[in-house]
Amino acid sequence: MLDLPTALVSTEAEEAGRVLERNKIYAEICNAKIDSEYFEEKMVQTISGAAKTKEVQCETITVAEKGMMVTSWDLDNSLEASETEPAQTEELRAPAGKSSKSPSAEEHSQAVPSARANLQQDLVVMERILMENIFQPKLALYRQIPVLIEPVVTSEPEEEAEEDEEEKEEEKQEETSDPNQRPAEGAGASLEQLWSYRCDLTSGHSVSSMACNKVNPDLIAVGYREFVSQDQKKGLACCWSLKNPMWPERIFRCDHGVTAVDFSLASPNLLAVGMANGCVAIYDVRSPKDTALLDSSASLNKHKGPVWQLRWVEQDRGDKRERLMCISGDGRMTQWFIQQRLDCFDVMKIKRTESGKKKLPGERERKSEGPISQEAAGMCFDFHPEDTDIFLAGTEEGHIHCCSCSGKEQILGTYRGHKGPVYKVAWNPSSTDTFLSCSADWSILLWHRHCHTPLLTFTSVTAFVHDIKWAPQSAFIFAAVNDRRVEIWDLSVSIFQPVLSCAASPEGNLSSLLFARNAECLLLGDSCGQVGVWQLHNLAVPSTE
């Protein structure tokens, strides 16, 4: 409806008096402004807008309550975001007289990978926190610190709480009666498995070698190889850490099976890897990339056989300058130097030795073998703990050579005692004139440096002995692994039987072992790709502080 108010009022209306009075006042004001130069009389039409009323029908507004949990780091992140936003807006604002520019596509493309990397790093930290919570009791035993037990807060009556306490005490008694749990003090030497380094990636591979980082003992390098129908497949070199026992920190994929690994002392981030095809590669464990810094694929002097062992050796006692030494199945002992490329020179070539048998009457002298069979395959080596110029080299024909890196005579003496390939040799770290050797002839021999016949022979089972290691700072205790069991020998207790013999790998055969440098634990690798961490109990091993 249109409603326009009228401009006329009847003289009989109630408000007629008030309208006449207002008109009289308006006429007097106008008469008073006739002589003013700022006043001019004109006719003006004023249109009064129509007042309209509009009604709208809508749905009722629904109200819902929602809540969320805010942590301290959320508050910190929001505070940092609020501080950075004004700075970003100021950069985007253009000063007076200049046009503003929007962020380019390149800046956005650079921001996305950085955000993805930050997210990945945050997930890694979160994963480590979860792993430490899950493995906290085992890690505490490894560190030999008390296990943290979270208090249980309940609102049950006192009688029910007492019943729960009695049930917990019974469970503790059952756990202590379990033979697989930690043994009581005063019992014999025993092993307790804490955890295993394994994942789907290492399944089906065989552990060939292990090495502990010289600076960070919690970091372990493990080499893996795989043999199926005598065909060599690709290998792995993984770096495991206590921070995450379920997935390696670094994974280096190699084209051939990994046969040897070792960390550098002068540069603890460098990891040397030997492979089954004779190639040697050096990786940087600080880099997230899995490509090698250097490799010997372009070297003319590279090995023609598997690199069975390699090690970073100090130039002199206490000198941090190092040399990378390798021994291979092609009969060569080499020293590698790192420049723009990785190359080597021969320290010595291991020649085949005569059998030492006396010639029978009437027996003709055998003709010399062809040039291809003149060199004996090298299997292992170990440098003297005090004189880094002297080293032992074990061969496939069962001999051990005492050699020198300098001088005209490289072979100082030969130790004959094994009937099969020598898999490992190890100097005694405390009594430096004695060393151990193990072989495929099922035996472990104890030698003296100046005696070319073995002092003692240790044989407990009919199986290949793959690896031996002296206990840290011990002149009497050593460990050995064969296909079936791990053995701990204490020469101060018995020279006839090991103080401990345990089947530590029910799923596969044991292949290598390593003493932990910062704990009384033993690391055992097997043919299934697992590295078990076992704690030694009631064994008189000096602490390695």
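Odds and ends about this structure:
- Candidates S437, S443, S460 - the one that is surrounded by 21 or more Cβ atoms within 10 Å (Cβ to Cβ), in contact with a strand residue (DSSP E or B) (Cβ under 7 Å, 6 or more places away or on another chain), of a type in the set (G, A, S) and under 26 Å from L191 (Cβ atoms): S437
- Conditions (1) touching a Phe, Trp or Tyr at 6+ places or on another chain (Cβ under 8 Å); (2) surrounded by 18 or more Cβ atoms within 10 Å (Cβ to Cβ); (3) small (G, A, S); number of the one not met by S492: (2)
- In the set L446, L392, only one residue is under 34 Å from the mean Cα position of the chain (by Cα) and in a strand (DSSP E or B); that residue is L392.
- Among the residues of the stretch 398-427, just one is open to solvent by 50 Å² or more (accessible area, probe 1.4 Å), modelled with pLDDT of 90 or more and part of a loop (DSSP other than H, G, I, E, B), namely K419.
- The requirement of being among the charged types (D, E, K, R), surrounded by 10 or more Cβ atoms within 10 Å (Cβ to Cβ), modelled with pLDDT of 75 or more and over 30 Å from W534 (Cβ atoms) is satisfied by D122.
- Verdict on D231 being under 24 Å from Q309 (Cβ atoms), at pLDDT below 90, open to solvent by 10 Å² or more (accessible area, probe 1.4 Å) and more than 23 Å from the chain's Cα centre (by Cα): yes
- Selection status of G67, of a type in the set (G, A, S), assigned to a loop (DSSP other than H, G, I, E, B) and at pLDDT below 75: no
- Test for N133: is it open to solvent by 100 Å² or more (accessible area, probe 1.4 Å), at pLDDT 80 or above and part of a helix (DSSP H, G or I): yes
- Restricting attention to the stretch 428-443, the residues that are closer than 28 Å to S404 by Cβ and assigned to a loop (DSSP other than H, G, I, E, B) add up to 9.
- Some residue of the stretch 477-489 being touching a Lys or Arg at 6+ places or on another chain (Cβ under 7 Å) and buried (at least 21 other Cβ atoms within 10 Å of the Cβ): yes
- Single residue of the stretch 258-303 satisfying the filter (of a type in the set (G, A, S) and open to solvent by 20 Å² or more (accessible area, probe 1.4 Å)) that is farthest from L514 (Cα to Cα): A298
- One residue alone among E386, E365 is open to solvent by 80 Å² or more (accessible area, probe 1.4 Å), assigned to a loop (DSSP other than H, G, I, E, B) and modelled with pLDDT of 85 or more, and that residue is E386.
- Remark: pairs (first residue in the stretch 238-257, touching a residue at least 60 places away in the same chain (Cβ under 8 Å) and closer than 16 Å to M131 by Cα; second residue polar (S, T, N, Q) and crowded, with 17+ Cβ neighbours inside 10 Å; Cβ separation under 9 Å; 6+ apart in sequence or on different chains) = P245/S196.
- The set of residues in the stretch 9-44 that are surrounded by 10 or more Cβ atoms within 10 Å (Cβ to Cβ) and modelled with pLDDT under 80 contains only F39.
- Hits in the stretch 499-529 - residues which are outside any strand (DSSP E or B), open to solvent by 20 Å² or more (accessible area, probe 1.4 Å) and touching a residue at least 40 places away in the same chain (Cβ under 8 Å): V499, R517, N518, E520, S527, C528
- Considering the stretch 190-205, the residues that are among the small types (G, A, S) and open to solvent by less than 30 Å² (accessible area, probe 1.4 Å) include one that is modelled with the lowest pLDDT, namely S190.
- Selection of first residues in the stretch 1-18 that are in contact (Cβ under 8 Å) with a residue 40 or more places away in the chain and of second residues that are open to solvent by 100 Å² or more (accessible area, probe 1.4 Å), restricted to Cβ pairs under 9 Å at least 6 apart or on distinct chains, gives the following pairs, ordered by first then second residue: D3/A51.
- Residues that are part of a loop (DSSP other than H, G, I, E, B) and farther than 30 Å from Q530 by Cβ do not occur anywhere in the stretch 451-473.
The values are calculated or read from the model by the stated rules, or taken from the named source; none is laboratory data. This structure is a prediction, so every number in the text was calculated from the model and none was measured. Using ideal geometry, Cβ is built from the backbone for each residue, glycine included, and neighbour counts are taken over all protein chains shown. All accessible areas refer to the heavy atoms of the entire protein, side chains included, with ligands and DNA or RNA removed. Shrake-Rupley method; radii C 1.70, N 1.55, O 1.52, S 1.80 Å.
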